[in-house]
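Note sheet for the following structure.
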Amino acid sequence: MKIICRLLVVTGVLFSTAGLAQQGHLNVQTEVQKEELVINASGETERRLVAAATVVPGDDVIYTITFTNISDETAENVVITNPIADHLTYVEGSAFGPGTAIEFSVDGGTTFGDLASLTVDVDGERKPAAAEDITHVRWTMQSQLQAGAKGMARFRARLN
Amino acid sequence: MTLAILPSVRTAAALRARLSPPNLLALVALIGCPWMSVPAWSAGTTAGTVIDNVASVSFDLGTVNATLDSNTASFVVLERLDVAVTLQSNQIPVSPGEAAAALLFTVTNTGNGSETVELDIDSVLGGDDFDPAPSVPAIYFDSDGSGTFSTGDVAYQQGVNDPLLLADENIDILLLNDIPDTAGDGQLGRSELTARTASGTGPTGTTLAGAGDGGIDAVFGSSGGTDVAVGEYIVADIDISLQKTVTVSDPYGGTEPTVGATLTYRVTVVVLSGGTATASEFVDPVPENTTFVANSIRLNGSAMSDAADADDGEYNANASPAVVVRLGDLTAGDGPQNIEFQVVID
């Protein structure tokens, strides 16, 4: 609430968007889906994303984060962070985000870097980190987000 | 006073030994010892778990730096219906006409929720020489965990005591079959155990609405909700001859079985048929009203200590004292095995 109050003071305007989880100058939404293989009219197998209604251990789910600059100013240093929930394992190579640099954390979000540069402690020894060690994914936009512009970030995780 | 004693030769599966005629012991060779191993399954995240995801965005707008959370995107972990049946027995050696020969299986709920499991036996299978006849009843819980059929093991009745297994939980099941009299030496008979979830069976990925724990939907996993494992019986009828003589030597230089007389037992064990009596063991209870003579056990002329140690003989001085001589894997080619020991009449 403190953040929102400060924003109010600065701009004097409160954006109220019905149905959204928060109000502010950027709107961020996440959605969880599952990939389904369907055979189209031409007999080809197509992948499509459907609601994550039937997920059992071993299945992959796909998280899509969309963010929109709903202010009338240009946003800078836009960074999206998504923790990997308990019971999920990040699927290596799955993070995706147009115009973003993608980094990972294996220490609960304290430090971020390329997966290849990260290490974890195994029985007192530093070992190269693996996809299952990832606790957070971070997307850093490489350019400004203009007023009204949208961005997207996505990753896949497997249910343990 | 009775001096009647009943020696026996047994394999590790001693329960199957039967005497016919008195000095001829029909034996079955046991190929290895059935033992249990519970595989480590991983059923995965428990059915009904809610997985929440919240992303955050941080940004600069003018002089303001802010971080905002997204909505929470959630999904519920459905129940995966999976079951696995694993045979724990090696090939079970049997003799023709043998009743209630047991095969040991483990049934595991490899799903991620609680599931009731139904069991079925089928002994009319291809790929064998004879059809074992399921005993009545034929399916038992290995209630005492012995790995073999024993008194106290509870019979399974479909629809009455179907086991309810938690995720990852397993249960040992015995299948009992009678071996037909007509089964010949070296013939193979097969019998299988099927387990299926009480919710049903179906193609992998199919959803069963409301069939999961707490009324959530259930999905058939890779097993399709059912699994089967096949066990085998092999007819291995081995005849072993067991001949026993006793020599009495009384304290007065005579041969009267009086108090203080020494009885020397000599037993000859020989395999008459083909095949191998695996892990054979000669067991002879010391008669009542007699006392075992320490260090009197001989095997083929060699002295055996009374202790349970590296040599093949021992004296079990428990409530039912007995002389035990391990004969190992015996075949006709090994020739007669001569065992000797002494007792004194009390």
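The values are calculated or read from the model by the stated rules, or taken from the named source; none is laboratory data. Remember, predicted model here, so these are calculated numbers, not experimental data. Note that we place each Cβ from the backbone using ideal geometry, even for glycine, and neighbour counts take in every protein chain shown.
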Using the structure shown, decide if B:Phe149 is touching a strand residue (DSSP E or B) at 6+ places or on another chain (Cβ under 8 Å), in a loop (DSSP other than H, G, I, E, B) and surrounded by 14 or more Cβ atoms within 10 Å (Cβ to Cβ). yes
Out of all the residues in the stretch B:96-106, is one or more assigned to a strand (DSSP E or B) and either closer than 30 Å to B:Thr49 by Cβ or among the β-branched types (Val, Ile, Thr) (or both)? yes
Residue that is surrounded by fewer than 18 Cβ atoms within 10 Å (Cβ to Cβ), at pLDDT below 95 and either facing chain A (nearest Cβ under 7 Å) or under 36 Å from the mean Cα position of the chain (by Cα) (or both), where the choices are B:Asn90, B:Asn71, B:Asn65: B:Asn90
Long-range neighbours under 7 Å by Cβ, at least six apart or interchain, first residue under 23 Å from A:Ala149 (Cα atoms) within the stretch A:57-72, second surrounded by fewer than 18 Cβ atoms within 10 Å (Cβ to Cβ) and among the aromatic types (Phe, Trp, Tyr): A:Ile70/A:Phe15
Here the qualifying pairs (Cβ atoms under 8 Å; residues six or more apart or on different chains; first in the stretch B:200-212 and facing chain A (nearest Cβ under 10 Å); second of a type in the set (Val, Ile, Thr)) come out as B:Gly205/B:Val219; B:Thr206/B:Val219; B:Thr207/A:Thr54; B:Thr207/B:Val219
Kindly indicate whether B:Glu281 is in contact with a helix residue (DSSP H, G or I) (Cβ under 8 Å, 6 or more places away or on another chain), touching a residue at least 60 places away in the same chain (Cβ under 8 Å) and farther than 27 Å from B:Ser191 by Cβ. yes
Filtered residue count, the stretch B:152-171, keeping only those that are surrounded by 15 or more Cβ atoms within 10 Å (Cβ to Cβ) and assigned to a strand (DSSP E or B): 4
Count of residues meeting criterion [surrounded by 20 or more Cβ atoms within 10 Å (Cβ to Cβ) and over 16 Å from the mean Cα position of the chain (by Cα)] in the stretch A:130-153: 2
Mind listing whichever residues of the stretch B:93-116 are of a type outside the set (Asp, Glu), within 14 Å of chain A (Cβ to nearest Cβ) and touching a Leu at 6+ places or on another chain (Cβ under 9 Å)? B:Asn109, B:Gly111, B:Asn112, B:Gly113
Among the strands (runs of 3 or more DSSP E) confined wholly to the stretch A:62-120, which include 3 or more residues that are within 8 Å of chain B (Cβ to nearest Cβ) and under 13 Å from A:Val137 (Cβ atoms)? A:75-83
For the stretch B:285-293, does any single residue satisfy the condition of being assigned to a strand (DSSP E or B) and among the hydrophobic types (A, V, I, L, M, F, W, C)? yes
For B:Thr49: the one exception among (1) surrounded by fewer than 20 Cβ atoms within 10 Å (Cβ to Cβ); (2) touching a Leu at 6+ places or on another chain (Cβ under 7 Å); (3) under 16 Å from A:Ile84 (Cα atoms): (2)
Considering the stretch B:178-231 alone, what residues qualify as being among the β-branched types (Val, Ile, Thr) and farther than 30 Å from B:Ala133 by Cβ? B:Thr204, B:Thr206, B:Thr207, B:Ile216, B:Val219
